[in-house]
Amino acid sequence: IAAGNWVLRHTAAANTTNAYALYLNAATSNTITGFFARNPIGAAIDIFRGSYNTISRSTASSSAGGYYVAMLLDATSRNTISASYIINTPGAGAFLNGSANFNTITLSTMIGSGTAPNGTSNPGLYLYSGPSNNTVTFSYMRGGMGAMILGGSANAISQSTMVSVNAGAPGMNFFGSVLNTVTGSYMFNANGFGLNFQQSANSNTISQST
């Protein structure tokens, strides 16, 4: 997909670890609405090096464990995910990688579960290796951890719920990340702790939250 395209009420599927049901590669200003993307053994949606794309009222579904995710935003900026359902029951849900900056996720559900090969609990939302200035609002995240920010900065989560289903894993985990904020949100684990800071996770702010 290049630029300025509209995709409305469409279904796409893949069944491989090497491709995606929906792949936006260096794509800009595309609008995807009412889309169902399914890949049982790999990622369902990948946005790579694009910007200003919008995905709304859509589903990204995967059944792949290990390091696989349902939706990947990789080195991409200023995209919007809204009113969407992102699920990978044995893996991570939504994954923002590297320089995935200034993206917005709102009114969405992100589900992950299980444990990655390195022993990390798979979160519903995973900001990995430095994503910055991303915003998550009015969303629900559940997984081995509800959400994890690893090495990122200036990300903001507000009016959202993060739930961990793995004993001993947090609902919200900051790992080596700084200057992030959580506001008006709920962090929970019935058999563990709701919030965790580790490995020089400094200068983060939690306000009006449980």
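The values are calculated or read from the model by the stated rules, or taken from the named source; none is laboratory data. Since we're looking at a predicted model, the values are computed, not measured. Every residue, glycine as well, gets a Cβ built from its backbone with ideal geometry; the counts of neighbours run over all protein chains shown. Side chains included, ligands, DNA and RNA excluded: accessible areas come from the protein's heavy atoms. Shrake-Rupley method; radii C 1.70, N 1.55, O 1.52, S 1.80 Å.
Do any residues in region 182-210 that are more than 19 Å from V136 (Cα to Cα) and open to solvent by 80 Å² or more (accessible area, probe 1.4 Å) have Cβ atoms under 9 Å from those of residues that are in a loop (DSSP other than H, G, I, E, B) and β-branched (V, I, T), where the two are at least six apart or on different chains, and which pairs are they?
Listed by first residue and then by second, the contacts come to N191/V165.
So G66 clears everything in (1) surrounded by 24 or more Cβ atoms within 10 Å (Cβ to Cβ); (2) within 26 Å of M145 (Cα to Cα) except one condition, right? Which one?
Here G66 clears every test but (1).
Where residues in region 79-114 are hydrophobic (A, V, I, L, M, F, W, C) and surrounded by fewer than 24 Cβ atoms within 10 Å (Cβ to Cβ), which of them is nearest to G65 (Cα to Cα)?
Ranking the qualifying residues of region 79-114, first place goes to I87.
Go through region 98-200 and tell me which strands (runs of 3 or more DSSP E), entirely inside it, have 1 or more residues that are of a type outside the set (A, V, I, L, M, F, W, C) and under 23 Å from I55 (Cβ atoms).
104-106, 109-112, 123-128, 135-137, 140-143, 145-150, 156-158, 161-164
Can you pull out every residue in region 11-25 that is open to solvent by 60 Å² or more (accessible area, probe 1.4 Å), part of a loop (DSSP other than H, G, I, E, B) and modelled with pLDDT of 95 or more?
N15, Y20
Would you point out which residue out of A83, A94 is under 10 Å from the mean Cα position of the chain (by Cα) and among the small types (G, A, S)?
The conditions single out A94.
Mind checking whether some residue in region 99-120 is of a type in the set (S, T, N, Q) and free of Cβ contacts under 8 Å to residues at least 12 places away in the same chain?
Yes: region 99-120 contains one or more residues that are of a type in the set (S, T, N, Q) and free of Cβ contacts under 8 Å to residues at least 12 places away in the same chain.
Which residues, taken from region 163-177, are under 18 Å from the mean Cα position of the chain (by Cα) and either acidic (D, E) or open to solvent by 40 Å² or more (accessible area, probe 1.4 Å) (or both)?
V165, F175
Say we look at region 115-142 and pick out the residues that are farther than 16 Å from S160 by Cα and open to solvent by 30 Å² or more (accessible area, probe 1.4 Å); which of these is nearest to the chain's Cα centre (by Cα)?
Y128
Output the residue which, of all residues in region 143-155 that are open to solvent by 30 Å² or more (accessible area, probe 1.4 Å) and small (G, A, S), is farthest from F174 (Cα to Cα).
Selected residue: A154.
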